[in-house]
Amino acid sequence: MSLPDDPADVTAARGLAPLNGPIAVVNAGSSSIKFAVYEALCRETPLFRGQIESIGLAPRLAVANSGGEPVAEQSFPAEGFDHRAATRQILLTIVALLHGTKVSAVGHRVVHGGAEYAAPVRIDPDMLTALGRLVRLAPLHQPQNLAAIEAIAEAAPHLPQVACFDTAFHRSQPPLAQLFALPRRFTASGLRRYGFHGLSYEYVSSRLAELAPDVARARVVIAHLGNGASLCALRDGRSVASTMGFTAADGLMMGTRCGTIDPGLLVYLMDEYGMDARNLEDLIYRQSGLLGVSGISSDMRTLRASPDPSAAEAIALFVYRIVREIASLAGALGGLDALVFTAGIGENDAATRAEVAAGCRWLGLALDDARNESAATRISTEDSAVSAWVIPTDEERMIACHTASVLTSGIVSSP
Ligand code: ADP
């Protein structure tokens with residue numbers, strides 16, 4: 001549902017207290033925590049935006065204001081500086097940068113909401129316990145998401161916090177798209193396809209609806225290509241299928257995750273290599289993907305710059321998997337009208353976009369090379385049957401909008 005231009009009108013009309021201070025957004029990843037601070041109404045540009053990266057290695061804080069100018073930078077010793085410490089540091093930095101203005105709420109990206117949470121919610125202690133049970137389903141992210149929430153609850157117990165789930169957007173998928181071909185008792189106990197990157201898809205599809213409303217209502221695949229990578233098939237702006245499944249390890253090849261793999265291979269690795277669950281987890285989440293195949297790096301920029309044939313093969317496999325999965329989602333949609341690229345690789349790597357588009361030529365996608373090189377918003381030719389787009393994602397803004405809505409009106413918002 002869309003919010004009216006000024007959510008304060010909604011809160012006033014309902015007799016609810018408006019949020020009278022800025023909203024902080026915390027997006028805790030495996031080795032970094034991104035954050036942003038928005039005015040109470042979720043404006044497009046945050047007051048400032050920053051991150052602490054390389055947690056565990058060489059933690060470094062960097063913050064920029066709304067004009068992109070640096071306003072804070074600091075390095076920290078790696079030892080003892082975990083996600084909780086980093087979150088506390090972020091809170092201190094925000095307090096200092098706001099010069100006495102009080103934050104009214106914190107919104108978090110939480111990767112897994114399970115079957116229970118299909119919309120953003122205000123966090124309470126019972127809910128934290130429930131979300132803790134989902135850690136095994138997203139071991140790279142869920143512990144960090146929860147650590148950030150707990151660190152803020154300890155430092156500021158009365159500050160309202162809202163969880164926004166990466167799985168929630170996919171709850172609109174038809175039952176078949178969520179079903180594994182496993183015995184029913186497993187499905188009944190929650191073993192189903194959940195899908196992830198939902199906040200990104202929700203934001204990008206809302207931007208597509210602003211840019212090209214007719215396209216947004218049609219059969220669209222959004223390619224979220226970052227360190228984590230997935231595709232989502234949408235019809236009328238709602239998720240109908242995605243490449244990620246029960247965990248965020250499924251689907252596309254990623255920076256360090258293998259994506260879809262023959263399930264029998266995992267059994268073989270247990271039998272022949274004596275691997276246990278933790279060994280397999282490390283293999284499929286942290287040692288595979290672009291890093292595993294290249295033997296060089298999980299970072300696309302490094303691989304593009306490398307003369308090593310293994311780097312080229314890793315990129316070729318990454319693209320090949322994307323092309324195959326786009327065709328699979330086109331099957332789920334009954335055709336394809338638009339393909340949208342987003343996230344670090346999708347927004348910045350023209351070569352990956354060109355290679356994916358070449359693999360989708362048979363579907364009717366004709367790329368305009370000049371537009372692609374300049375990362376124009378629409379990068380297909382005027383007469384392309386399938387249009388192609390580059391739309392930068394903004395998960396933080398989506399979280400800020402949801403947080404404002406949950407705490408003021410209870411309405412789930414669009415940016
Ligand atoms: P995440 O948020 O999942 O950690 P990002 O969306 O930031 O990841 O994407 C990171 C990926 O984007 C890395 O592989 C990085 O190399 C790639 N990337 C970022 N900028 C560029 C660029 N200019 N050209 C090519 N790849 C890029």
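Does region 317-333 hold any residues that are open to solvent by less than 20 Å² (accessible area, probe 1.4 Å) and either within 16 Å of the ligand (Cβ to nearest atom) or in contact with a Phe, Trp or Tyr (Cβ under 6 Å, 6 or more places away or on another chain) (or both), and which are they?
Result: Phe318, Val319, Ile322.
Suppose we keep only residues that are part of a helix (DSSP H, G or I) and of a type outside the set (Gly, Ala, Ser) within region 339-348. Which one would you say is farthest from the ligand (Cβ to nearest atom)?
If we take residues in region 339-348 being part of a helix (DSSP H, G or I) and of a type outside the set (Gly, Ala, Ser), then Glu347 is farthest from the ligand (Cβ to nearest atom).
If a residue must be in a helix (DSSP H, G or I) and under 14 Å from the mean Cα position of the chain (by Cα), how many such residues does region 136-151 contain?
Qualifying residue count, region 136-151: 2.
Of all residues in region 376-411, which are crowded, with 22+ Cβ neighbours inside 10 Å, among the β-branched types (Val, Ile, Thr) and more than 16 Å from the ligand (Cβ to nearest atom)?
Once the filter is applied, which keeps residues that are crowded, with 22+ Cβ neighbours inside 10 Å, among the β-branched types (Val, Ile, Thr) and more than 16 Å from the ligand (Cβ to nearest atom), region 376-411 yields Val386, Thr403, Val406, Thr408.
Results for (1) more than 16 Å from the ligand (Cβ to nearest atom); (2) at pLDDT 95 or above; (3) open to solvent by 10 Å² or more (accessible area, probe 1.4 Å); (4) of a type outside the set (Lys, Arg), shown as yes or no for each residue.
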residue: Leu234; (1), (2), (3), (4): yes, yes, no, yes
residue: Arg238; (1), (2), (3), (4): yes, yes, yes, no
residue: Asp250; (1), (2), (3), (4): no, yes, yes, yes
residue: Ile261; (1), (2), (3), (4): yes, yes, yes, yes
residue: Tyr268; (1), (2), (3), (4): yes, yes, yes, yes
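Pick out the one residue from Gly228, Gly190 that is modelled with pLDDT under 95, more than 16 Å from the ligand (Cβ to nearest atom) and open to solvent by less than 20 Å² (accessible area, probe 1.4 Å).
Gly190
Could you tell me which numbered condition Ile284 fails, if it satisfies all but one of (1) within 19 Å of Leu317 (Cα to Cα); (2) within 16 Å of the ligand (Cβ to nearest atom)?
Here Ile284 clears every test but (2).
Name the residue that is most open to solvent (accessible area, probe 1.4 Å), counting only residues in region 294-309 that are within 12 Å of the ligand (Cβ to nearest atom) and part of a helix (DSSP H, G or I).
Top of the filtered list is Arg301.
Is it true that some residue in region 212-219 is in contact with a Gly (Cβ under 9 Å, 6 or more places away or on another chain), more than 13 Å from the ligand (Cβ to nearest atom) and either open to solvent by 40 Å² or more (accessible area, probe 1.4 Å) or in a strand (DSSP E or B) (or both)?
Yes, some residue in region 212-219 is in contact with a Gly (Cβ under 9 Å, 6 or more places away or on another chain), more than 13 Å from the ligand (Cβ to nearest atom) and either open to solvent by 40 Å² or more (accessible area, probe 1.4 Å) or in a strand (DSSP E or B) (or both).
Leu336 versus (1) surrounded by 22 or more Cβ atoms within 10 Å (Cβ to Cβ); (2) part of a helix (DSSP H, G or I); (3) more than 19 Å from the chain's Cα centre (by Cα): which is the lone unmet condition?
That leaves (2) as the condition not met.
Out of everything in region 349-375 that is surrounded by fewer than 17 Cβ atoms within 10 Å (Cβ to Cβ) and either hydroxyl-bearing (Ser, Thr, Tyr) or within 16 Å of the ligand (Cβ to nearest atom) (or both), what residue ends up being nearest to Thr302 (Cα to Cα)?
Ala351
Here are the criteria: (1) within 16 Å of the ligand (Cβ to nearest atom); (2) surrounded by 16 or more Cβ atoms within 10 Å (Cβ to Cβ). Tell me which single one Ala312 does not satisfy.
(2)
The values are calculated or read from the model by the stated rules, or taken from the named source; none is laboratory data. All values derive from a computational prediction rather than experimental measurement. As a convention, Cβ positions derive from the backbone with ideal geometry for all residues, glycine included, and neighbour counts pool all protein chains shown. Side chains included, ligands, DNA and RNA excluded: accessible areas come from the protein's heavy atoms. Shrake-Rupley method; radii C 1.70, N 1.55, O 1.52, S 1.80 Å.
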